[in-house]
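**Student:** Okay, here's the structure, questions in a sec.
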Amino acid sequence: MINHHLNNLDTKNVKFLPYNILKSFGKIKKMSPYDIVIIDPPSFQKGSFVATSDYIKIIKKLDFILPIGGVVLACLNDPFLSSNFLIDIFKKEAPNFEFLEKLENVDEFLVENEEKALKNLIFLKKN
């Protein structure tokens, strides 16, 4: 929240929920719907999050907490998984979410292969 205040962003109507969606979905769902959901799991925390199996579980739950027009920012910082990994999961498990764009990484973190760096993808719930 400090970062928001440093950037003069109003946080009166913002909720920061540092929950593990896999363990606390009941709490998260009670406070829904949300305008935006940011999924930013730990990259390599042993025993905490496995992208290849856990991302599917999270994406399946998004329909229950986002209204039509809701936005998802899905982050993936695994050099062995491409943007298509997330795009394909959304197509299969949440077809009512449309892929809008991949956010460009900042110039300070230039890499040879963007797909091996942090991937930030925006999806929009259509219906």
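Any read-out appearing in this document is the output of simple, stated calculations on the displayed coordinates, not a laboratory observation. Since the structure is predicted, the reported quantities are computational estimates derived from the model, not experimental observations. Note that we place each Cβ from the backbone using ideal geometry, even for glycine, and neighbour counts take in every protein chain shown.
**Student:** Could you list all residues from region 6-28 that are surrounded by 10 or more Cβ atoms within 10 Å (Cβ to Cβ) and small (Gly, Ala, Ser)?
**Tutor:** Hit for region 6-28 is Ser24, nothing else.
**Student:** Considering Asn120, Asn105, Asn96, Asn127, which residue is of a type in the set (S, T, N, Q) and over 26 Å from Met31 (Cβ atoms)?
**Tutor:** Asn105
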